[in-house]
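These notes concern the structure reproduced below.
The values are calculated or read from the model by the stated rules, or taken from the named source; none is laboratory data. This one's a predicted model, so the numbers in the text were calculated from it and none came from an experiment. All Cβ positions, even for glycine, are placed from backbone atoms using ideal geometry, and neighbour counts span all protein chains on display. What goes into the accessible areas is simple: the full protein's heavy atoms, side chains included, and nothing from ligands, DNA or RNA. Shrake-Rupley method; radii C 1.70, N 1.55, O 1.52, S 1.80 Å.
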Amino acid sequence: PTGDSSMVLQAQEEIIEMKDVFSVKLKRRRFVGQKKGGTLLGITIFKCLSKEENKLTDCAIHLNNLSEDHCHSWFRHLKEILNGFQNRPKSLKVFVNPSSHKREATNVYYEKVAPLFKLADIKTDVTVTEYEGHALSVLKECELQAFDGVVCVGGDGSISEVAHGLLLKAQIDAGKDTDYIPMPVRAPVPLGVIPAGTTNILAHTLYGIKHAVTATLHIIMGHIQPVDVCTFSTPSKLLRFGFSAMFGFGARTLALAEKHRWMPSNQRKDFAFIKTLADLKPEECELSFLPLQMPQEESHENDRMKKEKIKKKGSKDQWHKLQGHFLNVSIMAIPCLCSMAPRGLAPNTRLNNGSMALIVVQNTSRTEFIKHLKRYASIKNQFNFPFVETYTVQEVKVQPRLKSGLDAKENTYLNAASAEGNFPWNIDGDLMEEASEVHVRVHPQLINLYGLNTDDLESSQATCNCI
């Protein structure tokens, strides 16, 4: 400290935990235009500060000392401590989708994210994507061992593509057949999600809030969250790695929105939602699912007892079947929080409990269906309707029934299919169209994402005010 003893005695004591510090810099006085050198005044510590509603921000604490020896000594020791935190990245591969939402992703990255990465001495290799599939093609050729993590700045579709590419690259590097992957290998590096889209379901689920600085600080601090991932496959090929999917109303709404890309983002989504709701039609299909074999209430059992139970079950795993007309089918391995559903689209699942939520909405009146949709925005149970069924599952097979004759022609527009016989799927906000059966499997903790600890997020979900 500088100054006389009376000033020191009046100073207020403050404790800083090094786990909350992400950078330390030497503090100098420089003249205008001077880029190097200058009078050494002390050191500045940059700290991650928690605020309300899961929000994080950065703050600077200035420690003054005119002794160069003291300043350099403190600087070296604090840097050594910071370098000792294992999960904190030092090098990141960054993908920025300039087309996300209102084309704001580039500004979000260079104005809010990049300065914090630079402050934390994180090296970055940035790719600004130029077309759909660009990130996937880059990841297939990327030497991931050169990076501590991969970051995507964009919406749900962009993040889904990067997550898929990261996991597909892991299978390629492991020598796995990428057409059929019953047991995929884990992603080699964590994935960071910077929200810059419209809905940002994955960012809301990870952080409880849509806030680029919060997401950036979770990445810098190395907060790691293991997350379950699904594989979506036909009988002959892998379609996608992903976290959630919708078939029926949720998929047809997205397909119709994609056909009106010339509209502003919010307008086309509102138009597609209203139009699909006005033309509400069920899909005829057969659902097969394998219920979760190990109930959550048994999670306190030790590993030996769990293994014995699995061995005893063996061939007793039985598939359940549902046939009929369904307005919507949701398959979700994560809670899927968003501003329109602050409790989540699947509030009873978790990020890494090794299961999926299967939510089936049977054919009903438009009025009753709207009541069900409205419940997502409230604290009431959105599944407490006679036409809604929920299951906790490990695997799901969806087999659509093709319409025939005039009925098929009449419903071509409503189904929003690009070719006759194809049915749209909404996988993490990305449109996919498939004619055959789709098989969905959940794979526990297949990828690490930068984000809140699950317990911390669950305790705040009920009161989270999503922006």
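Only a single criterion out of (1) at pLDDT 90 or above; (2) assigned by the TED database to the domain that holds GLY157 is not satisfied by LYS102, namely (1). Against the conditions (1) crowded, with 24+ Cβ neighbours inside 10 Å; (2) at pLDDT 95 or above; (3) not hydroxyl-bearing (Ser, Thr, Tyr), ILE159 satisfies every one except (2).
Just one of the listed residues (ILE194, ILE181, ILE224) is of a type in the set (A, V, I, L, M, F, W, C), touching a Ser or Thr at 6+ places or on another chain (Cβ under 7 Å) and surrounded by fewer than 24 Cβ atoms within 10 Å (Cβ to Cβ), namely ILE181. The single condition among (1) surrounded by fewer than 16 Cβ atoms within 10 Å (Cβ to Cβ); (2) more than 26 Å from LYS259 (Cα to Cα); (3) out of contact with any strand residue (DSSP E or B) (no Cβ under 8 Å at 6 or more places or on another chain); (4) modelled with pLDDT of 90 or more that PHE385 does not satisfy is (1). Selection of the stretch 328-367 for residues being open to solvent by 10 Å² or more (accessible area, probe 1.4 Å), in a loop (DSSP other than H, G, I, E, B) and under 17 Å from VAL388 (Cα atoms) yields LEU345, PRO347, ASN348, ASN363, THR364, SER365.
Let's see how each residue does on (1) in contact (Cβ under 8 Å) with a residue 40 or more places away in the chain; (2) out of contact with any helix residue (DSSP H, G or I) (no Cβ under 8 Å at 6 or more places or on another chain); (3) open to solvent by 60 Å² or more (accessible area, probe 1.4 Å):
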position: PHE46; (1), (2), (3): yes, no, no
position: LYS51; (1), (2), (3): no, yes, yes
position: ILE61; (1), (2), (3): yes, yes, no
position: SER67; (1), (2), (3): no, yes, no
position: HIS70; (1), (2), (3): no, yes, yes
position: ASN97; (1), (2), (3): yes, no, no
position: LYS123; (1), (2), (3): no, yes, yes
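Count of the stretch 263-285 residues, restricted to those that are surrounded by fewer than 16 Cβ atoms within 10 Å (Cβ to Cβ), in contact with a Lys or Arg (Cβ under 8 Å, 6 or more places away or on another chain) and hydrophobic (A, V, I, L, M, F, W, C), is 1. None of GLN171, GLN145 is open to solvent by 60 Å² or more (accessible area, probe 1.4 Å), over 30 Å from CYS59 (Cβ atoms) and among the polar types (S, T, N, Q) except GLN145.
Sub-7 Å Cβ pairs linking a first residue in the stretch 351-373 that is at positive phi to a second residue that is open to solvent by 50 Å² or more (accessible area, probe 1.4 Å) and outside any loop (DSSP other than H, G, I, E, B), at least 6 apart or interchain, are GLY354/PRO444, ordered by first then second residue.
If you check LEU40 against the conditions, is it surrounded by 11 or more Cβ atoms within 10 Å (Cβ to Cβ), touching a helix residue (DSSP H, G or I) at 6+ places or on another chain (Cβ under 6 Å) and over 29 Å from HIS223 (Cα atoms)?
yes
Here is a yes/no grid of residues against (1) in a strand (DSSP E or B); (2) open to solvent by 50 Å² or more (accessible area, probe 1.4 Å); (3) modelled with pLDDT of 95 or more; (4) acidic (Asp, Glu):
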{"residue": "SER378", "(1), (2), (3), (4)": "no, no, no, no"}
{"residue": "GLN394", "(1), (2), (3), (4)": "yes, yes, no, no"}
{"residue": "LEU406", "(1), (2), (3), (4)": "no, yes, no, no"}
{"residue": "LYS409", "(1), (2), (3), (4)": "no, yes, no, no"}
{"residue": "LEU414", "(1), (2), (3), (4)": "no, no, no, no"}
{"residue": "MET432", "(1), (2), (3), (4)": "yes, no, no, no"}
{"residue": "LEU452", "(1), (2), (3), (4)": "no, no, no, no"}
{"residue": "ASP456", "(1), (2), (3), (4)": "no, yes, no, yes"}
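Select from the stretch 286-327 the residues that are surrounded by 16 or more Cβ atoms within 10 Å (Cβ to Cβ) and either modelled with pLDDT of 90 or more or not in a loop (DSSP other than H, G, I, E, B) (or both) and list them in ascending order. Correct list: LEU287, SER288, PHE289, LEU290, PRO291, LEU322, PHE326, LEU327.
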